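K.L.:
Next up is a structure, given as structure tokens.
The values are calculated or read from the model by the stated rules, or taken from the named source; none is laboratory data. Values in this document were obtained by computation on a predicted structure and should not be read as measured data. Cβ atoms come from the backbone with ideal geometry, glycine included; neighbour counts cover every protein chain shown. What goes into the accessible areas is simple: the full protein's heavy atoms, side chains included, and nothing from ligands, DNA or RNA. Shrake-Rupley method; radii C 1.70, N 1.55, O 1.52, S 1.80 Å.
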Amino acid sequence: MEPTGTARARPHRIIAVGGGKGGIGKSLVSSNLGVALAARGQRVLLVDADLGGANLHTCLGVGQPTATLSDFLLRPKSRLEDVIVPTGVPNLSLIAGALDVLDAANIKYAHKQRLLRSLQTQSVDYLILDLGAGSSFNTLDFFIIADHGVLVLLPEPTSVENAYRFVKAAFFRRLQQVESEYGIERLVERALSTREGASRTPLEIVQHVRQTSPTLAAKLEKELAAFRVKLVLNQARTDADVKVNAAVVSAWKKFFGLEMDDFGAIRYDDEAWRAVRKRRPIVLDKPDSPSALGIQSIADRLLALDGVTSP
């Protein structure tokens, strides 16, 4: 895509915010990133895609929504536009999560495909998906349709381990979607069914395809390179914490052979949890706080990556 200074002249971008476990601040990142991008003149639609555990409206201080994602999922003739609600923040709209569907996390394949198609046709500059925890196929499918997959983690060993598992699962889920095109069904199946280190690396898979078709191998190589996750560290308390991102990026490159982008850290500060208690986005409540500045920096990096100049 050619860089442009006018957001209206380019296709929208989808940002999916995911992570390997709950309680790592995905909703905080999603909501505040949406506010930050909206403040920069971008038309933003936030979607609470945490099926079965919706809370994004609370982070934004929006009351109990009259329309939610469940209204769209349960009514085949409804339009996604019918469940979009205002947030009170200029340029920022919300689709609240499926609050009243107990089995929403296990929506049927046809419903999921309809939702994915509808999300990809929204006329906005940025569509932000706040995903649920874990690596269910539904969660992974939302993550891999994104132009920017943002992976949130905490500077804790368990969080780092879960983040690595999440991104690995997302990568192989993406391969599942194209496996028949490249004749790699058995390799992907073997990788998905193997718990530890015996799974194939992307390089080995490309080499396997190259034996039968150098042209397909080159195409696959390009496709794999496009799987480039943006890593965001939340609640960094020390300078040592901030270095966790670089270590994860390095490990992913060393053991999996793919690139990953270090998108910076959000510093821990007491203002963040105070803002959450007040149901106010931190970038609005305390815009000069360390955590707010970290999120503003992430927003600026995303805009720069897309070639968008803020007004």
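K.L.:
Of the conditions (1) open to solvent by less than 70 Å² (accessible area, probe 1.4 Å); (2) part of a helix (DSSP H, G or I), L293 satisfies every one except a single condition; which number is it?
P.N.:
Checking L293 against (1) open to solvent by less than 70 Å² (accessible area, probe 1.4 Å); (2) part of a helix (DSSP H, G or I), the one that fails is (1).
K.L.:
Can you find even one residue in the stretch 178-187 that is open to solvent by 20 Å² or more (accessible area, probe 1.4 Å), touching a helix residue (DSSP H, G or I) at 6+ places or on another chain (Cβ under 9 Å), closer than 20 Å to R228 by Cβ and hydroxyl-bearing (S, T, Y)?
P.N.:
No.
K.L.:
Condition first: modelled with pLDDT of 85 or more and open to solvent by 30 Å² or more (accessible area, probe 1.4 Å). Can you find one or more residues in the stretch 71-78 that meet it?
P.N.:
No, the conditions are met nowhere in the stretch 71-78.
K.L.:
Test each condition in (1) touching a residue at least 40 places away in the same chain (Cβ under 8 Å); (2) open to solvent by 80 Å² or more (accessible area, probe 1.4 Å) for K286 and report the one that comes out false.
P.N.:
(1)
K.L.:
Any residue that is over 20 Å from the mean Cα position of the chain (by Cα), open to solvent by 10 Å² or more (accessible area, probe 1.4 Å) and at pLDDT 90 or above - is there at least one of those in the stretch 41-49?
P.N.:
Within the stretch 41-49, one or more residues are over 20 Å from the mean Cα position of the chain (by Cα), open to solvent by 10 Å² or more (accessible area, probe 1.4 Å) and at pLDDT 90 or above.
K.L.:
Report yes if L258 is closer than 29 Å to V178 by Cβ, more than 17 Å from the chain's Cα centre (by Cα) and not in a helix (DSSP H, G or I), otherwise no.
P.N.:
Working: closer than 29 Å to V178 by Cβ: yes; more than 17 Å from the chain's Cα centre (by Cα): yes; not in a helix (DSSP H, G or I): yes.
Against the criterion (closer than 29 Å to V178 by Cβ, more than 17 Å from the chain's Cα centre (by Cα) and not in a helix (DSSP H, G or I)), L258 qualifies.
K.L.:
Now, a different point. Would you mind finding the one in A246, A275, A240, A251 that is surrounded by fewer than 22 Cβ atoms within 10 Å (Cβ to Cβ), part of a helix (DSSP H, G or I), over 21 Å from the mean Cα position of the chain (by Cα) and of a type in the set (G, A, S)?
P.N.:
Matching residue, one of A246, A275, A240, A251: A240.
K.L.:
Are there any pairs with C-beta distances below 6 angstrom linking a residue in the stretch 1-23 that is among the hydroxyl-bearing types (S, T, Y) to a residue that is at pLDDT below 75, with the two at least 6 apart or on different chains, and if so which?
P.N.:
Qualifying pairs under 6 Å: T4/R10.
K.L.:
When A104 is evaluated against the numbered criteria (1) modelled with pLDDT of 85 or more; (2) touching a helix residue (DSSP H, G or I) at 6+ places or on another chain (Cβ under 9 Å), which criterion, by number, is the only one it fails?
P.N.:
Checking A104 against (1) modelled with pLDDT of 85 or more; (2) touching a helix residue (DSSP H, G or I) at 6+ places or on another chain (Cβ under 9 Å), the one that fails is (1).
K.L.:
So which residues in the stretch 141-188 are within 10 Å of the chain's Cα centre (by Cα), under 21 Å from N234 (Cα atoms) and outside any loop (DSSP other than H, G, I, E, B)?
P.N.:
Of everything in the stretch 141-188, those that are within 10 Å of the chain's Cα centre (by Cα), under 21 Å from N234 (Cα atoms) and outside any loop (DSSP other than H, G, I, E, B) turn out to be F143, H148, G149, V150, L151, V152.
K.L.:
Does at least one position in the stretch 198-216 carry a residue that is crowded, with 17+ Cβ neighbours inside 10 Å, among the charged types (D, E, K, R) and in contact (Cβ under 8 Å) with a residue 12 or more places away in the chain?
P.N.:
So far as the stretch 198-216 goes, yes, one or more of its residues are crowded, with 17+ Cβ neighbours inside 10 Å, among the charged types (D, E, K, R) and in contact (Cβ under 8 Å) with a residue 12 or more places away in the chain.
K.L.:
Any residue at all in the stretch 298-311 that is open to solvent by less than 20 Å² (accessible area, probe 1.4 Å), of a type in the set (D, E) and either free of Cβ contacts under 8 Å to residues at least 60 places away in the same chain or touching a Pro at 6+ places or on another chain (Cβ under 9 Å) (or both)?
P.N.:
For the stretch 298-311, residues open to solvent by less than 20 Å² (accessible area, probe 1.4 Å), of a type in the set (D, E) and either free of Cβ contacts under 8 Å to residues at least 60 places away in the same chain or touching a Pro at 6+ places or on another chain (Cβ under 9 Å) (or both): present.
K.L.:
Ok, one more. Return the pairs, sorted by first residue and then second, in which the second residue is open to solvent by 20 Å² or more (accessible area, probe 1.4 Å) and assigned to a strand (DSSP E or B), the first residue lies in the stretch 253-277 and is in contact (Cβ under 8 Å) with a residue 24 or more places away in the chain and closer than 18 Å to V160 by Cα, the beta carbons are less than 6 Å apart, and the residues are 6+ apart or on different chains.
P.N.:
Y268/Q235
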